[in-house]
Amino acid sequence: MNRDELVSFLNEYLNVSAYPDKSSNGLQVEGKEEVERVAFTVDTTLRTIERAAEAGADMMIVHHGMIWGGINYVTGIHYKRLKALLSSGINLYAAHLPLDAHPEVGNNVELLRLLGLEPKGPFGEYRGLSIGFWGEFEEPQPIEKIAGIIAEKLDTAVKTYEFGKREIKTVGAISGEGAFALEEARRKGIDLLITGEFGHADYLTAIDLPQSVLVAGHYKTETLGVRALMPLLREKFGLDVFFIDEPTGL
């Protein structure tokens, strides 16, 4: 299909203009005008660009693009990545916060669905907008059981910080760096925050609140949105789609 028509659909469906974001969301690098084969991946790196090119992709749709507010100089890694994209004619489309927050294919709604939950409301206010969701079990679940489900379904190492409740009724989900919502979780009575990263200062905040946290990896928690978007584009437009997995272990 025509690239600009696909970009227009994605911009509207993901509501990219609604989110104040460090990422320059949307079409970051222009390539071929006609798109038939689309690579989906989390990160824009030389490795993912090269793998997309080897597989004959016309477009990459990513969570982490290569332009975060602008590029001052086309040197170093910016030059290498841009050269790889331009030489292969691959379009680069990025959706950062819009793909975290989307109510149908977003990382955070998909995290809840791993546990069999549907969102009951928004959660995780960032720059005036909520980018996460929270859900509720019918009956409280042991935190160990929840950790086991997430570990198995994401194929990832999971760590729990059982500073608050160990029997979990309500769950808040924010992929990647979601520890900014620790105090909001405590304030709203969220028993467990599921996120991707957890730093030293986050640990100290969680233990003082106290708030239970499950950490499942930045990369793994953000594979969900791009994967959920794939069948939509395949079924709606007949595009050939595939996923490039380049886990960081982080």
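Readers should treat all values here as calculations from the given coordinates under stated rules, not as data from a laboratory. What you see is a predicted model; the values in this text were computed from it and never measured.
Shape descriptor for the stretch 105-250: Rg over Rh equals 0.98 (Cα atoms; Rh from the Kirkwood inverse mean 1/r).
Counting each DSSP H run of 4 or more residues in the chain as -39500 (n - 2.57), what helix-only mean residue ellipticity at 222 nm follows after dividing by all residues, to the nearest 500 deg cm²/dmol? If you can, show how the numbers build up before the last one.
On the way: 10 runs with 92 residues, N = 250.
That calculation yields -10500 deg cm²/dmol at 222 nm.
Given their separation in residues at 0.36 nm each and the Cα-Cα distance between them, Glu235 and Asp155 gain 26.1 nm when the chain is fully extended. Result for the chain in a Gaussian network model with C-alpha springs under 10 Å: among Val158, Val171, Val62, the largest mean-square fluctuation is at Val158. What the Kirkwood sum gives for the stretch 1-82 is a hydrodynamic radius of 13.6 Å, with every pair of different alpha carbons counted.
Just the number, please: percent antiparallel of the DSSP beta bridges in the stretch 100-250, rounded to the nearest 5. Each step should come with its number before you reach the end.
On the way: 14 of 21 bridges.
Rounded to the nearest five, the antiparallel share is 65 percent.
Mean projection of the alpha-carbon convex hull of the stretch 24-68 over all orientations, in nm²?
Working: hull surface 11.9 nm².
Hull-based average projected area comes out at 3.0 nm².
Mean projected area of the Cα convex hull of the stretch 1-142, taken over all directions, amounts to 10.3 nm².
One compactness figure for the stretch 103-163 is 1.19, namely its Cα radius of gyration divided by 2.2 N^0.38 Å. Here is the size of the chain from its Cα atoms: Rg then Dmax, 18.5, 55 Å. Rounded to the nearest 5, the antiparallel percentage of DSSP beta bridges internal to the stretch 1-131 is 40%. Considering the stretch 67-143 at the alpha-carbon level, its Rg and Dmax are found to be 18.5, 55 Å. For the pair the stretch 203-249 and the stretch 1-45, the centres of their Cα atoms are 18 angstrom apart.
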